[in-house]
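Read-outs throughout are calculated quantities, based only on the coordinates presented, and are distinct from any laboratory measurement. Here the structure is a predicted model, which means the values were calculated and not measured. Cβ placement follows ideal geometry from the backbone for every residue including glycine, while neighbour counts extend to all protein chains displayed.
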Amino acid sequence: MIKIRGLKKSFKTRQGQVEALRGIDLDIGEREFFVQLGPSGCGKTTTLRCVAGLEKADQGEIEIGGATVSSPEKGIYVPTEKRDIGMVFQSYAIWPHMNVFQNVAFPLVKGRRQIPKHQVAEKVSEALKLVQLAGLQDRPATDLSGGQQQRVAMARAVVTEPRILLMDEPLSNLDARLREQMRLELRKITHSIGVTTLYVTHDQAEALSLGDRVCVMNEGEILQIGSPKEVYSQPKNLFAAQFVGEMNFIRGRLCGDGQVESPFGKLRCALPQGCQSGHEVTLAIRPEHLTLRPCAAGSGGIEAKVSSKNYLGDAALLEVEACGVNLRGKLAGDADFAVGEKAVLVLPADRWSVYA
Ligand SMILES: Nc1ncnc2c1ncn2[C@@H]1O[C@H](COP(=O)(O)OP(=O)(O)OP(=O)(O)O)[C@@H](O)[C@H]1O
Ligand SMILES: [Mg+2]
């Protein structure tokens, strides 16, 4: 539904040229919920604004529903209002001088659209029902909570039944609990109306829980595209590994026999391509993949000492020291280990990722 090829965009600033997008390629399927994830300044908003037509790209093509909407090379630029999109921004951009109804109705009555009054009322009331705000339509926009304002912004974005919904960090102004609740609702709403969604966030938990697919971006480039599971369990490079979820990182060196020399001895794990014997590499393992056993229970594993413990209710975060290395572990339940206690650490070979 959205096809992006070789998208480039730079800005002139007083400090010189900033390359916000360095050649982005993306294919987003019909009805897909696609999340762009990356740190501040990596080019997420710029991508979204180019798709929306709020920013003119320098190079590359953008197609929506098979039609080219932007191509500087071919001299094509379709204005925002003709791209059939709905948008929700971080700031919501709700008009304080209007009530809820007027805010949601705005896209239907602005410009040259001639929609009969009764139809406007019908569409607004449907959109408000969808975001569970039915009954609040006469309320002044200023008398709404943050979560309610977010819903009004959502209703306003979908009231025209757009083919594409663009959302730029729409939940970041909400408190943690409301944010989680709204995540679930957002997914329900977009799936129920079957709209293709491009969603931007720097919050990895949000990206993993919302996206059908996720792309990880950094410095104007896409580093990885995949399902949330793929992106989490097989980060393609060190940046993606550092940015998505938590990881332990340790230095290692590639041996001639294809194993990796580490502080824990030689490890046999999948190696990155092009790595040669003697190369320094980074080994990475997730906290939940560490296992601790009581010292008495059989042989094998690595001698370790628990140096801190943080009980979370359903799990415990432990810091363990082994072979001169500090590792973070996440164990299910209350993890029957006390601070200072010795334990046997197991690091499964197939859980390591190796980065050149
Ligand atoms: N209008 C502009 N003028 C100059 N530089 C800009 C402009 N818009 C964006 N940039 C620069 O382009 C880069 C990408 O910005 P962008 O807003 O796309 O990042 P982002 O990923 O959305 O970040 P954030 O998570 O902070 O919103 C940044 O270096 C930013 O400073
Ligand atoms: Mg942004």
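Relative contact order for the stretch 51-122: what is it in percent, counting Cα pairs under 8 Å that are at least 6 residues apart? Contact order relative to length: 19 percent.
The charge dipole of the chain, taken about the Cα centre with unit charges on the Cβ atoms of Lys, Arg (+1) and Asp, Glu (-1), comes to about 800 debye, rounded to the nearest 20.
Summarising the strand pairing of the chain, around 80 percent of its internal DSSP beta bridges are antiparallel. In a DSSP loop and with at most 16 other Cβ atoms within 10 Å, the GluC sites (Glu not before Pro) in the stretch 203-241 are 219.
Measuring nothing but how far apart in sequence close Cα pairs (under 8 Å, 6+ apart) lie, relative to its length, the stretch 10-160 scores a relative contact order of 18 percent.
From its DSSP helices (H runs of at least four residues, each -39,500 (n - 2.57)), the chain gives a residue-normalised ellipticity at 222 nm of -7000 deg cm²/dmol.
Lysine pair count for the stretch 212-356 (Cα-Cα distance under 23 Å; residues 8 or more apart in sequence or on different chains): 10. Quarter the surface of the alpha carbon convex hull of the stretch 116-213 and you get the mean projected area, 6.6 square nanometres.
Across the stretch 2-242, the volume of the C-alpha convex hull divided among the residues equals 141 Å³ per residue.
Is the shape of the stretch 215-356 best called rounded, prolate or oblate, per the rule: a/c under 1.5 gives rounded, else a/b larger than b/c gives prolate, else oblate, with a ≥ b ≥ c the square roots of the Cα gyration tensor eigenvalues? Judged from the Cα gyration tensor, the stretch 215-356 comes out oblate (a/c at least 1.5, b/c at or above a/b). Each Lys or Arg adds one and each Asp or Glu subtracts one; over the other residues with Cβ under 10 Å from the Cβ of residue 209, this totals -1. Put the Cα centre of the stretch 1-42 next to the Cα centre of the stretch 287-327 and the gap is 41 Å.
The alpha carbons of the stretch 59-129 stretch over 43, 29, 21 Å along the principal axes, in descending order.
Based on C-alpha pairs under 8 angstrom that are at least 6 apart in sequence, the chain has a relative contact order of 15 percent. The radius of gyration of the Cα set in the stretch 35-98, together with its Dmax, comes out at 13.6, 42 angstrom.
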